[in-house]
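Below you'll find the structure, written out as structure tokens, and then a few comments.
The values are calculated or read from the model by the stated rules, or taken from the named source; none is laboratory data. All values derive from a computational prediction rather than experimental measurement. Cβ atoms come from the backbone with ideal geometry, glycine included; neighbour counts cover every protein chain shown.
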Amino acid sequence: MEVVLAVLTGGMVAGSVFLMLSKNLVRFIFGLVLASNAVNLVIFAAGRLETSQPPLIPENASHAAGAVANSLPQALILTAIVIGFALLAFIFILFLCTYETLGTVDTEAMTDAESLAEEDSAAGGTHS
Amino acid sequence: MNSGLAAPIIIPFATAAVVLLGRHQPTFQHATSIVAAALHLAIGAWLLNEVHHSGIQVLHVAAWQAPFGIALVADHLSALMVVITGVIYTAVSIYSRGEINADLRRRGYYPLLHILVGGISGAFLTGDLFNLYVWFEVMLMASFALLVMGKTRAQLDGGVKYVVINLISTLLFLTGLGLVYGMTGTLNMAHLHVKLKMVSDPGLVAAVAVLFLTAFGIKSGLFPLFFWLPASYHTPPVATSAIFAGLLTKVGVYALIRTFTLIFPFEDNGLRGLVLVAAAATMIVGVLGAATRYHIRRILSFHIISQVGYMILGLGLFTPLALAGAVFYLLHHIIVKANLFLISGLIQRYGGSFELSRTGGLYRSRGWVALLFFIPAFSLAGFPPLSGFWAKMILIRASLEAGHFVLAAVAAVVGLLTVYSMVKIWSEAFWKPQPEAIKDNTVAPPRLDAWMLAPIVAMAALTVLIGLSPEPVYQLARAAADELLEPGAYVYTVIGTMR
């Protein structure tokens, strides 16, 4: 089971790196989605994989009988998924705004912040 | 057990909710912000006093004992960072009145400012690695929104680069903490200090340590991971860029110091050499980048990078003196750098531009701006008797004592090159006569704004004060360094004698 998960995670990371190396922001964001899911799988695997019981303690008992699944990684992943979802929602809107304002999703064509001409219109004067 | 530990986190978040409710009353928003920031500063000072007199403070949130629950821990380093956060928080809250216009206010500037500070305070106080990740995310989310607020072309361009690289850093951090959990079964930093020593495979631990080094290296702007910083820090409003410049990269530096003293102490892995090389390269590349720029805030952004190099140098040398130097440098740098960014706002307002070629004549027309610039600028460059002199002197002395003569030379030369950039701003913005083309366009110059001036004067005074009597600050920094190098007390306070 660990081997399958390791290969899967490796494949996802490889795919995400390939996508994130693109100049196209749309491809980049798909790479980011893939990478964040791969990281969640890493945490999941770090909590040990086993086909065991859910972590429930029976009534009138002080501890669970036998081996139970580790619930902490699931809590961690859940937190990471929620945070990741919020970040992705933000980044999608940011990229959409950027596309609407700059008219491109090609990162090499985006030179407004660091223009070599160093003009005021490029940087600063934001609050005037 | 000390519930006051949660106050520096709760105050900003509560204030964020309150100012959101009063979003149509600018005076109310501003007044509430200042009161909250002052309260944050006062609580921070109280916390530092507690830590200094009665030792490391710990709060087990909801009474769940560490390592099972989340612990908030304040040692000297955390308490000092909270205090300095309070200083910048207060200064920026006051300054905002002069700069933040109705549009930015409508877009939620004030609530986001408080959330940002809440995240920063949380990151400084937490004793749990996953909790640190959560605070980083809170902080990042607020900083993303603040950075692109206003949506100019430059802001969106800079914002995309900032967001993208910081998200990659976050993923590396998350991977690292997942693997650490897999190796040890715990995420409490004090517990990790004990548990990671028991991991039998040092190669695995070192590999994970590099993940943390890369993740926090990106956050703190370490060479060669700093490219997002000069691409974005000069684009938002001045108040925002001041709090970013003062605090955000320093959260990364704090995380590096904490990680590599408590969780992966350098004696256990071979990363010290790598960190020292990165520190030297960061100093040199940052200062050279600044030398080629002619836009005030871009010059200052590159100087952040070069200064981060000094702090990491202190961490890499790993002696009590060097770490004390790093902590001293952190405190000095946060005040000075935030102040320089605030002053760049004055130069832009009275001189007409951030661009050095399109401003000038300020020494003649506004001599006091020149004086206010002079203090932090030459403190940054390390002139006696200002605070930067002592910070640099401690670090250079620590390098010499450790036998790293090349690093001492690099630190000294970078200080000289910093003077070059500062003199460039000085001669262009202040001494040079104002360009004719600009002069004709200038309508009546804006009136003096006390809201903008007050925090700048106060922080300049603080710089001089630290310069004139560095001893108390040094003592606190030294106490922080001693705790960092001997984490036994920290570990004992958080998890007791167990395991």
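For the stretch B:99-178, list the helices (runs of 4 or more DSSP H) that sit wholly inside it and hold at least 3 residues that are of a type outside the set (A, V, I, L, M, F, W, C), modelled with pLDDT of 90 or more and touching a Phe, Trp or Tyr at 6+ places or on another chain (Cβ under 8 Å); which are they?
The helices (runs of 4 or more DSSP H) meeting that bar are B:109-125.
Could you give me the residue pairs with C-beta distances under 9 Å whose first residue belongs to the stretch B:38-65 and is modelled with pLDDT of 90 or more, whose second residue is charged (D, E, K, R) wherever it lies, and which are 6+ apart or on separate chains?
Listed pairs, sorted by first residue: B:51/B:75.
From the list B:379, B:421, B:353, exactly one residue is farther than 22 Å from residue B:283 by Cα and polar (S, T, N, Q). Which is it?
Step by step, each of B:379, B:421, B:353 is checked, and only B:353 is farther than 22 Å from residue B:283 by Cα and polar (S, T, N, Q).
Hey, residue B:355 hits all of (1) out of contact with any His (no Cβ under 6 Å at 6 or more places or on another chain); (2) over 30 Å from residue B:257 (Cα atoms) but one; which does it fall short on?
Among (1) out of contact with any His (no Cβ under 6 Å at 6 or more places or on another chain); (2) over 30 Å from residue B:257 (Cα atoms), the lone unmet condition for residue B:355 is (1).
Collect the residues in the stretch B:150-183 that are among the basic types (Lys, Arg) and within 7 Å of another protein chain (Cβ to nearest Cβ), keeping them in residue-number order.
B:151, B:153, listed by residue number.
Restricting attention to the stretch B:462-497, which residues are touching a Gly at 6+ places or on another chain (Cβ under 9 Å) and over 19 Å from residue B:77 (Cβ atoms)?
Selection gives B:463, B:467.
Could you tell me which of the residues A:94, A:78, A:88 is surrounded by fewer than 14 Cβ atoms within 10 Å (Cβ to Cβ), at pLDDT 80 or above and not in a loop (DSSP other than H, G, I, E, B)?
Matching residue, one of A:94, A:78, A:88: A:78.
Residues to consider are B:259, B:249, B:240; find the one that is in a helix (DSSP H, G or I), over 16 Å from the mean Cα position of the chain (by Cα) and β-branched (Val, Ile, Thr).
Result: B:259 is the single residue among B:259, B:249, B:240 that is in a helix (DSSP H, G or I), over 16 Å from the mean Cα position of the chain (by Cα) and β-branched (Val, Ile, Thr).
Could you check residue B:148 against (1) surrounded by fewer than 23 Cβ atoms within 10 Å (Cβ to Cβ); (2) in contact with a Gly (Cβ under 7 Å, 6 or more places away or on another chain) and say which number it fails?
Going through the list (1) surrounded by fewer than 23 Cβ atoms within 10 Å (Cβ to Cβ); (2) in contact with a Gly (Cβ under 7 Å, 6 or more places away or on another chain), residue B:148 breaks only (1).
Where the second residue is part of a helix (DSSP H, G or I) and of a type in the set (S, T, N, Q) and the first is within 14 Å of chain A (Cβ to nearest Cβ) and lies in the stretch B:354-367, which pairs have Cβ atoms under 7 Å and are six or more apart or on separate chains?
Hits for this filter: B:354/B:344; B:354/B:348.
If residue B:135 satisfies all but one of (1) touching a strand residue (DSSP E or B) at 6+ places or on another chain (Cβ under 8 Å); (2) buried (at least 24 other Cβ atoms within 10 Å of the Cβ); (3) not small (Gly, Ala, Ser), what's the number of the condition it fails?
Answer for residue B:135: the failing condition is (2).
Somewhere in the stretch B:214-226, is a residue in contact with a Pro (Cβ under 6 Å, 6 or more places away or on another chain) and either part of a helix (DSSP H, G or I) or not hydroxyl-bearing (Ser, Thr, Tyr) (or both)?
Among the residues of the stretch B:214-226, not one is in contact with a Pro (Cβ under 6 Å, 6 or more places away or on another chain) and either part of a helix (DSSP H, G or I) or not hydroxyl-bearing (Ser, Thr, Tyr) (or both), which makes the answer no.
Given A:40, A:70, A:60, which one is in a loop (DSSP other than H, G, I, E, B) and surrounded by 15 or more Cβ atoms within 10 Å (Cβ to Cβ)?
Matching residue, one of A:40, A:70, A:60: A:70.
Given the stretch B:366-473, what helices (runs of 4 or more DSSP H) lie entirely inside it while holding 1 or more residues that are at pLDDT 90 or above and surrounded by fewer than 17 Cβ atoms within 10 Å (Cβ to Cβ)?
Hits in the stretch B:366-473: B:387-401, B:405-425, B:450-468.
With respect to residue A:38, determine if the residue is without any contact (Cβ under 8 Å) to a residue 24 or more places away in the chain and either out of contact with any strand residue (DSSP E or B) (no Cβ under 6 Å at 6 or more places or on another chain) or within 12 Å of another protein chain (Cβ to nearest Cβ) (or both).
The answer is no for residue A:38.
Inspect all residues belonging to the stretch B:77-85 and state whether any of them is surrounded by fewer than 24 Cβ atoms within 10 Å (Cβ to Cβ), of a type in the set (A, V, I, L, M, F, W, C) and farther than 18 Å from residue B:4 by Cα.
Checked against the condition, which is being surrounded by fewer than 24 Cβ atoms within 10 Å (Cβ to Cβ), of a type in the set (A, V, I, L, M, F, W, C) and farther than 18 Å from residue B:4 by Cα, the stretch B:77-85 yields no hits at all.
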